[in-house]
Amino acid sequence: MGFGILNVWIHDQYSPCKVSDEFWYVNVSYCSGEFLEYCGKTYRGLDAKCGHAEFELPPGCYVVQGFQLHLIPVPGSNILKPILTYSNSAVVMVECDAKACVHVYNHSFWWWIFLSRELGRLLTEEKGPTGEKARQFADAADALLAQLPKNSHDEALERAAQEAAAKAKHKGK
């Protein structure tokens, strides 16, 4: 019995059924969040050219996540500020002497802002400065959402969220 081969495919945020053709990094961790370390190798920040990585690792259950590094110019200077963006996570079982394949979904920026806005709205119920800051955040997120592109999957998820909220409201009556 031996190592397994893990293939990681990271999907495009604007065309979710298509594999990204961008450069990514991949982290492999245990469910605890601790990065996989084996025989002197840490499975963190592994290269994933064109949204794909393949590597050998010991059998086990792992959480896989992709991330990208963006260098954003700081206004009025020659400094580039590093910003990380993350994909969703996926759980994968890697067996001895077998190949495993995991597809990592990558929500659009629109969806992440949408979810953040909803959390901001939830926090508006807090008393004092937290509630006020949450209201300001939710309002800013609304303005940003109006400017960001939405893909068909975002639209479907938004409809599902609205339907779930309507059902919950109806049950509460």
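Per-structure values
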| read-out | value |
| --- | --- |
| Sole exception among (1) in contact with a Phe, Trp or Tyr (Cβ under 8 Å, 6 or more places away or on another chain); (2) surrounded by fewer than 17 Cβ atoms within 10 Å (Cβ to Cβ); (3) without any contact (Cβ under 8 Å) to a residue 40 or more places away in the chain; (4) in a strand (DSSP E or B) for V28, by number | (2) |
| Evaluation of L69 against (1) modelled with pLDDT of 95 or more; (2) of a type in the set (A, V, I, L, M, F, W, C); (3) part of a strand (DSSP E or B) (one fails), failing number | (1) |
| Candidate set: the stretch 62-95, residues that are touching a Gly at 6+ places or on another chain (Cβ under 6 Å) and over 25 Å from D142 (Cα atoms); chosen: the one surrounded by the most Cβ atoms within 10 Å (Cβ to Cβ) | V94 |
| Selected residue [in a helix (DSSP H, G or I) and either surrounded by 12 or more Cβ atoms within 10 Å (Cβ to Cβ) or out of contact with any Asp or Glu (no Cβ under 9 Å at 6 or more places or on another chain) (or both)] from C17, C50 | C50 |
| Top-ranked residue of the stretch 1-10 - restricted to ones that are of a type outside the set (A, V, I, L, M, F, W, C) and at pLDDT 95 or above, ranked as nearest to A48 (Cα to Cα) | N7 |
| Scope the stretch 1-14; condition surrounded by 14 or more Cβ atoms within 10 Å (Cβ to Cβ) and of a type in the set (A, V, I, L, M, F, W, C); matching residues | F3, I5, L6, V8, W9, I10 |
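The values are calculated or read from the model by the stated rules, or taken from the named source; none is laboratory data. These numbers were taken from a predicted model, which means no experiment stands behind them. Glycine also receives a Cβ, built like all others from the backbone with ideal geometry; neighbour counts cover every protein chain displayed.
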